[in-house]
Amino acid sequence: MDEDVYFHKTVTFRAWKQSLRFRTSQELFSSHDIDIGTRFLLRTIIEADYDRPQRILDLGCGYGPAGLTLKNMHRDSTVHMVDRDALAVAYSRQNAELNGLAGAEIYGSLGYDDVKRTDFDLIIANIPGKAGETVITYLLREAGGYLVPGGLAAIVVVAPLEATVAEILDKTPGVEVILRRTRSGHAVFHYRFTEETISPKPDKSALERGIYHRKNVKMRFGSLEYVMQSAYGLPEFDSLSYGSEMLLKAFTNIKGKNIHNSVVFNPGQGHVAVALWKLIRPENIALVDRDLLALRYSRLNLTLNECPPERISISHQVGIESQNKDKVDLFVGVLREEEGRNATFLTLDQAVEQLSDNGMIVVSAGSTAITRLVTYVESPGLLRIRTRERWRGNSLLVLERA
């Protein structure tokens, strides 16, 4: 834990005669302290004094303050904690161990799509303010498919969303709002579904039903044309960033090179992965990212552009280290500069460990981040800089073994 490049600080949460510690990352929501909304949500649940929940779902758990607090208060309860961000999953697992809370099931899920059971007594969620009305409606209404009859959903939102949430719940047949309270810029709702209106879990995932769908677009980049389905919550929904454009330009110099195994990290909507497929035709494309939405939309867009599904794999994880011992001929991606330079250096180290003898690493980022990376690369002398280009405040770096 002490060598964790994502670590920010440890915060202490003292409430209701208990004290828990949480390791946090600046990449996760409310890294400085337990946020007011989560505190408010927990207070309303505990003060309501409902029957002890036997099965609890924390939807969008972050680094774990809500789910682990309830697990600590109800040690015999089964608690599932899910998040679409693999870093959140990793930190929740660390914090369960840190506080001696064995037995919490913590795993990745895109909304409800990957939740492992449908018989919870209590579902809690701190719904992101930028989720969008379609996604918020999905999160509120489909709780009924994962609750036992009489089960409770308890959510908190920022105050500007209170009217929207109230309207959604009011228009949802069979929903009974038990508690509604506003305080400190947040609104809490507790609600139940009448037994006769509880719908079973849908046969198709939210992604398959278009819950995250933004628009269909046809992209052109030079002579390259491809189609995309873009998602809310991901960048580059109708145009390329400068960093992605630089990666696509770099592919023209790789054309004709035999690429067996390739890795695209931080794929976003999937533009880089699709361009790689259409221009170079690697035998295998591994998509690696923290974000399940990015991974699944990138895979979707590859298949839309006739990449055989058996050539595509996805890895929902922090970093790009692989359990597979196969060597990689090409790593490509836009670096997450917000993670900090040590995380950037770790990404490069992990790529080098897996790189084939004739392999290449192609990355783009802001010019300052690339300058730091060049200095880091030149020190051990393990890699040779094949190409370095600058454009509009961004830089491209093509590396190969020295």
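Only the coordinates and a few stated rules stand behind these numbers; no lab work does. Keep in mind that this is a model prediction, so the values were computed, not measured. Please note: Cβ atoms are built from the backbone with ideal geometry, for glycine as well, and neighbour counts cover all protein chains shown.
Summary table below
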item: Amide H within-cut-off set for residue 394, under 5 Å, with H built and near neighbours excluded; result: 367
item: Degrees separating the helix 292-304 axis from the principal Cα axis of the chain, which is the longest one; result: 50 degrees
item: Spacing of the two label points (7 Å from each Cα toward its C-beta) at residue 159 and residue 36, in nm; result: 0.8 nm
item: Rounded, prolate or oblate (a/c below 1.5 giving rounded, otherwise prolate when a/b exceeds b/c) for region 242-334 by Cα gyration tensor; result: rounded
item: Taking the chain and dividing mean pair separation by its residue count, relative contact order in percent (alpha carbons under 8 Å, at least six apart); result: 11 percent
item: Which of 176, 339 has the fewest Cβ neighbours within 10 Å, and the rest in rising order; result: 176, 339
item: Label point distance in nm, residue 105-residue 385, each placed 7 Å from Cα along Cα→Cβ; result: 5.0 nm
item: Residue exposure sequence - 314, 123, 34 - by fewest surrounding Cβ within 10 Å; result: 314, 34, 123
item: Dipole in debye (nearest 20) - the chain, about Cα centre, beta carbon charges: Lys, Arg +1; Asp, Glu -1; result: 660 debye
item: Length gained when the stretch residue 375-residue 178 is fully extended (0.36 nm per residue, less Cα-Cα span); result: 65.0 nm
item: Order of 118, 344 - criterion: other Cβ atoms within 10 Å of each residue's Cβ, fewest first; result: 118, 344
item: For peptides 65-73, 37-45, 231-239, sequence by mean Cβ density within 10 Å, most packed first; result: 65-73, 37-45, 231-239
item: Options 42, 127, 383, ranked by Cα towards positive dipole end of the chain, top entry (Cβ charges); result: 383
item: Anisotropy class of the chain from Cα gyration tensor, a/c 1.5 cut; result: prolate
item: 17 Å cut-off, amide nitrogen to a point 7 angstrom out along residue 392 Cα→Cβ, residues in region 363-384; result: 364-368
item: Highest to lowest packing among 83-92, 272-281, scored as the average C-beta count within 10 Å; result: 83-92, 272-281
item: Fraction of antiparallel bridges per DSSP, the chain only, in percent to nearest 5; result: 55 percent
item: Extension gain from residue 310 to residue 171, taking 0.36 nm per residue of separation minus the Cα-Cα distance; result: 45.8 nm
item: Shape of region 10-130, Cα gyration tensor, a/c cut at 1.5; result: rounded
item: FRET efficiency for residue 249 and residue 195, using Cβ-Cβ distance with R0 set to 51 Å, rounded to 0.05; result: 0.30
item: Region 221-345, dipole about Cα centre (Lys/Arg Cβ +1, Asp/Glu Cβ -1), debye to the nearest 20; result: 340 debye
item: Label-point gap, in nm, between residue 9 and residue 358 - each point 7 angstrom along Cα→Cβ; result: 5.2 nm
item: Cα long-axis angle, helix 36-48 against the chain (0 to 90 degrees, to the nearest 10); result: 30 degrees
